[in-house]
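The values are calculated or read from the model by the stated rules, or taken from the named source; none is laboratory data. Predicted model, so just to flag it, every value in this text is computed and none were measured. Note that we place each Cβ from the backbone using ideal geometry, even for glycine, and neighbour counts take in every protein chain shown.
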Amino acid sequence: MRLMISFFRAYPGHSIVMLLALLFAGVAEGVGLSALLPLISVAIDNDTGGADRPPPNQYEQLVIDVIQQLGISPTIGVLLSIIVVGVTLKSLLLLVAKKEVGYTAAQVATDLRLEMLRAMLRSKWEYFIHQPIGSLTNRLATEAQRSSDSFVNGATVITYLVQAIIYGGVAVAVSWKATLTTLAIGSVIIGISHFLVRMTRRAGKKQTRLLTSLLSQLTDTLQSVKPLKAMAREHLADKVLATETSRLNKAFRKQVFSGAALAAAQEEMFAIVLASGMFIALVKLGMPFPTVTVLAVVLGKMLSQLGKVQKQYQKMVVGESAFWSLKNAIEEARQAEEYLGEGAIPRLERHIRLANVTFDYEPGRTVLRDIELEIPQGRLTTLTGPSGSGKTTVIDLIIGLLKPRQGEVLIDDTPLAAMDMRAWRRMIGYVPQETLLLHASIAHNVTLGDPELDEQAAVQALKDAGAWDFVERLPEGIHSTVGERGTRLSGGQRQRIVIARALVHKPALLILDEATSALDPENEAAIGRTMAALRGKLTILAISHQTALVEAADRVYRLENGMATQVRDQQ
């Protein structure tokens with residue numbers, strides 16, 4: 001029950017209310033059951049006139065004495081009323097307990113998703129880029145939900161266990177020997193069938209592994225479905241996914257079989273135990289019929305609840321591996337948390353400079369070697385060079401996503417490492433190579449729902465990006481929907497929306513990371529003119545293989561073989 005202890009520590013208030021409600025619900029049901037034996041005896045007395053009736057046993061006499069001390073006559077009506085009140089109180093208290101379980105289960109899924117998402121977003125860039133998107137999707141979707149389901153099943157285990165204890169307590173009061181014998185036999189049955197629970201646990205762990213693998217591959221496949229279809233090779237992806245799905249199906253089948261086998265085996269064996277016990281009590285031992293009847297009811301319920309405990313525990317362990325997998329992933333991401341610092345507030349009044357910077361992603365793979373590079377404030381600087389020469393690495397170093405192995409990144413001659421990194425990044429507008437637009441309005445794509453940015457700010461950003469002319473002509477203007485991934489707009493229009501997104505918060509530094517690589521020469525030239533118009537208003541750093549941003553630049557560096565060479569500087 002390590003899983004439930006973890007949940008109780010995380011949600012102590014809800015857990016205490018739930019446990020108290022379950023406890024008092026069990027007591028209420030016990031009170032109702034206590035009236036059952038006297039009720040049967042009174043009914044038989046009324047039927048036979050009390051002839052040949054054996055004296056009541058200690059438990060029956062105790063119940064009658066308690067009722068009489070309360071000034072109530074133990075008639076059939078009174079005893080039935082006690083049973084009804086007990087059942088009613090039990091139902092109300094169980095409702096309270098289930099409400100707490102339901103609310104907590106919803107909170108469990110929500111909290112785990114937020115924990116995972118926040119831990120990933122706060123992690124170091126080197127860690128983040130090595131995490132498969134499909135794996136993260138699986139954790140946020142299936143593993144969080146399976147963890148929530150496990151909590152519900154674990155709480156149900158406790159519910160049935162409390163009820164079984166209450167039934168056992170009543171049974172002990174009626175006949176402790178019969179109760180202990182039944183409990184011993186029931187424990188043997190549960191022990192014998194426990195291998196089915198272990199089978200389910202193994203199936204659950206396998207499901208967790210396979211779901212992670214399947215969703216990772218599925219995400220990668222869907223991202224590359226166009227080239228696969230274009231080359232008529234989608235059958236290759238289908239083959240891989242079909243294999244993973246088949247393995248997952250086998251794990252599900254083991255889980256279903258073990259659950260069905262446990263239910264069938266328990267019911268059969270418990271029925272044999274009860275029938276044999278009643279025969280021995282009535283025929284061999286000559287116990288009174290009312291006593292045997294009550295024992296049969298309470299011991300039957302006790303065994304039934306114990307069986308349900310094992311069945312719910314079996315369901316709980318299916319998702320238990322998902323919970324621990326998710327918690328381990330969260331802890332791993334937290335271990336890789338990025339320290340943003342609380343240093344000096346950056347200004348960017350003169351320049352950004354890389355001083356003798358060397359960087360390698362791994363030993364023996366040096367990307368930058370002792371480079372010297374300066375980006376003047378208020379000017380447009382362009383980096384060129386072949387693929388893999390380190391241009392994007394330079395940008396990542398300036399943003400602070402990567403740290404140099406030696407040398408320093410300086411903002412106005414102050415080391416970036418000594419600055420408040422969060423404040424620095426808030427001064428940056430970033431335009432990636434891929435135009436990632438949301439299936440929402442142009443306004444939302446520009447502001448990303450930031451409550452501090454109003455529509456006027458979005459309009460101004462669109463004007464600065466050279467996008468307002470075409471946005472204004474759309475049927476719904478700035479409120480027009482761009483379609484899935486921006487499919488209702490042209491490539492150049494999408495790129496300008498992304499540039500407006502980078503400009504809307506009025507950054508001090510605008511970074512274009514291959515932002516024009518997918519554009520035709522006309523759109524590329526238009527973006528170049530837009531950047532030239534922004535010169536002086538902010539500092540611009542661009543990566544480009546094409547001519548427009550090179551021609552518009554005040555300063556150009558060429559990166560090759562780990563070195564940076566200045567090829568132009570226009571004062």
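Brief remarks follow.
- Checking each residue in segment 151-182 for being surrounded by fewer than 19 Cβ atoms within 10 Å (Cβ to Cβ) and either closer than 23 Å to residue 275 by Cβ or touching a Phe, Trp or Tyr at 6+ places or on another chain (Cβ under 8 Å) (or both) picks out 172, 176, 177, 180, 181.
- Here the condition is being under 12 Å from residue 319 (Cα atoms) and touching a residue at least 12 places away in the same chain (Cβ under 8 Å); of 146, 122, it holds for 146 alone.
- Some residue of segment 485-498 being β-branched (Val, Ile, Thr), surrounded by fewer than 22 Cβ atoms within 10 Å (Cβ to Cβ), under 13 Å from residue 439 (Cα atoms) and in contact (Cβ under 8 Å) with a residue 24 or more places away in the chain: no
- Subset of segment 327-355 that is among the aliphatic types (A, V, I, L, M) and in a helix (DSSP H, G or I) - its residue that is farthest from the chain's Cα centre (by Cα): 333
- The number of residues in segment 448-483 being of a type in the set (A, V, I, L, M) and in contact with a strand residue (DSSP E or B) (Cβ under 8 Å, 6 or more places away or on another chain) comes to 2.
- Residue that is farthest from the chain's Cα centre (by Cα) [pool: residues in segment 427-459 that are on the phi < 0 side of the Ramachandran plot, loosely packed, with under 13 Cβ neighbours inside 10 Å and in a loop (DSSP other than H, G, I, E, B)]: 454
- Scan of segment 315-359 for residues that are in contact with a Pro (Cβ under 7 Å, 6 or more places away or on another chain) and under 30 Å from residue 3 (Cβ atoms), ordered by number: none
- Residue in segment 294-304 that is among the basic types (Lys, Arg), surrounded by 14 or more Cβ atoms within 10 Å (Cβ to Cβ) and under 28 Å from the mean Cα position of the chain (by Cα) present: no
- Against the numbered list (1) crowded, with 21+ Cβ neighbours inside 10 Å; (2) on the phi > 0 side of the Ramachandran plot; (3) outside the structural domain of residue 550 (by TED's automatic domain parsing), residue 390 comes up short only at (3).
- Among the criteria (1) under 29 Å from residue 127 (Cα atoms); (2) in contact with a helix residue (DSSP H, G or I) (Cβ under 9 Å, 6 or more places away or on another chain); (3) crowded, with 21+ Cβ neighbours inside 10 Å, the one residue 419 does not fulfil is (2).
- Among the residues making up segment 356-369, those that are in a strand (DSSP E or B) and either touching a residue at least 60 places away in the same chain (Cβ under 8 Å) or not acidic (Asp, Glu) (or both) are 356, 357, 358, 359, 361, 365, 366, 367, 368, 369.
- Segments classed as helices (runs of 4 or more DSSP H), wholly inside segment 71-148, with at least 2 members that are of a type in the set (S, T, N, Q) and over 16 Å from the mean Cα position of the chain (by Cα): 76-121
- Residues satisfying the stated conditions in segment 435-451, i.e. without any contact (Cβ under 8 Å) to a residue 24 or more places away in the chain and more than 18 Å from residue 507 (Cα to Cα): 444
- The single condition among (1) surrounded by 14 or more Cβ atoms within 10 Å (Cβ to Cβ); (2) modelled with pLDDT under 65; (3) more than 29 Å from the chain's Cα centre (by Cα) that residue 240 does not meet is (3).
- Residue within segment 467-479 that is part of a helix (DSSP H, G or I), closer than 30 Å to residue 354 by Cβ and touching a residue at least 24 places away in the same chain (Cβ under 8 Å) present: no
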